[in-house]
Amino acid sequence: MKKLGILAGVAGLAITAVLATSGVGSAADKKLEQLKAQGFARVAIANEPPYTAVAADGKVSGAAPDVAREIFKRLGVADIVASISEYGAMIPGLQAGRFDVVTAGLFMKPERCAAVAYSEPVLCDAEAMLVKKGNPKGFKSYQDVAKDTSATIGAPGGGTEEKLALNAGVPRERVIVVPDGQSGLKMVQDGRIDAYSLPVLSINDLMKKANDPNLEVIAPVQGAPVYCDGAAFKKGDEALRDAFDVELAKMKKSGEFAKIIEPYGFSAAAAMSTTREKLCSAK
């Protein structure tokens, strides 16, 4: 009997160890229940439109909080309550328990990924090209511009886009330095350049103001860097992060994600073109 008692005790310890390593019964599993009970999640934002914004009446909007609000609703958490924070104070505040999540355009970098538990990508800033409707030359990348010996591309002088075009093999004489966005748009309209390149947000803002049905945006440019944020959770809250990711994936697949972020100028395709794993390991 004594031997059976010892075996039972050992088995109990083994089960406890398995539960501990699997996260069952951990604080992370209880976090979502706590948020449901209090009726809201505390989010850190930066008040930097279009990522995040706070209206005069205190209402929180912007692409990142809007996505977070919808996902938390689907998880059974009625609303979000935002606190404005400087970027440098967001991760320390999260670690100290002042926020439940950061939804603020906090781009993923390896050092940040080591400090917090990021969701899959939400908002991304990638490279884009403005071209004539129908993309007559079939550009998908800067390399495509290089291969077409008659093609020209406009870009800000000394900017990332100019360097990316040159590094892709576009000859210097076919990379046209453009002083500002409005000039680049006009040059594409007039046929003086075949494409004009800027980050997605900037190109989409130009398109919105131009309201020209004869233009088209190519985004993200294939092979160019993509920088993305994600909802950042405290280490130890991975179960909550994973539940967030499940709903985020559903929204991306259904098109609801695009409906929320694209009116703000962000590209859903850019966010769906990469992963947390890639961004967290990027050099």
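The values are calculated or read from the model by the stated rules, or taken from the named source; none is laboratory data. Nothing here was measured: the structure is a model prediction, and the numbers come from that model. Neighbour counts run over all protein chains shown; Cβ positions are idealised from the backbone, glycine included.
Which of the following residues is closer than 22 Å to L279 by Cα and buried (at least 19 other Cβ atoms within 10 Å of the Cβ): A219, A195?
So the residue among A219, A195 that is closer than 22 Å to L279 by Cα and buried (at least 19 other Cβ atoms within 10 Å of the Cβ) is A219.
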Fill in the blank from the handout: Scanning the stretch 110-139 for residues that are more than 21 Å from the chain's Cα centre (by Cα), part of a strand (DSSP E or B) and of a type outside the set (V, I, T), the one nearest to A96 (Cα to Cα) turns out to be L130
Problem - Residue ID - nearest to L94 (Cα to Cα), chosen from residues in the stretch 39-49 that are in contact with a strand residue (DSSP E or B) (Cβ under 9 Å, 6 or more places away or on another chain), modelled with pLDDT under 95 and part of a loop (DSSP other than H, G, I, E, B) - result: A46
Fill in the blank from the handout: Expected single match for farther than 13 Å from F233 by Cβ and either outside the structural domain of K252 (by TED's automatic domain parsing) or at pLDDT 95 or above (or both) among E120, E70, E86 is E70
Exercise for the section: Assess whether L215 counts as being under 30 Å from A68 (Cα atoms) and within 27 Å of the chain's Cα centre (by Cα). Expected result: no
Problem - Matching entry among S254, S202, S273, S267 (being within 23 Å of V131 (Cβ to Cβ), polar (S, T, N, Q) and over 13 Å from the mean Cα position of the chain (by Cα)) - result: S202
Exercise for the section: Would you check if there is a residue in the stretch 176-183 being out of contact with any Asp or Glu (no Cβ under 8 Å at 6 or more places or on another chain), in a loop (DSSP other than H, G, I, E, B), in the same structural domain as K140 (by TED's automatic domain parsing) and not β-branched (V, I, T)? Expected result: yes
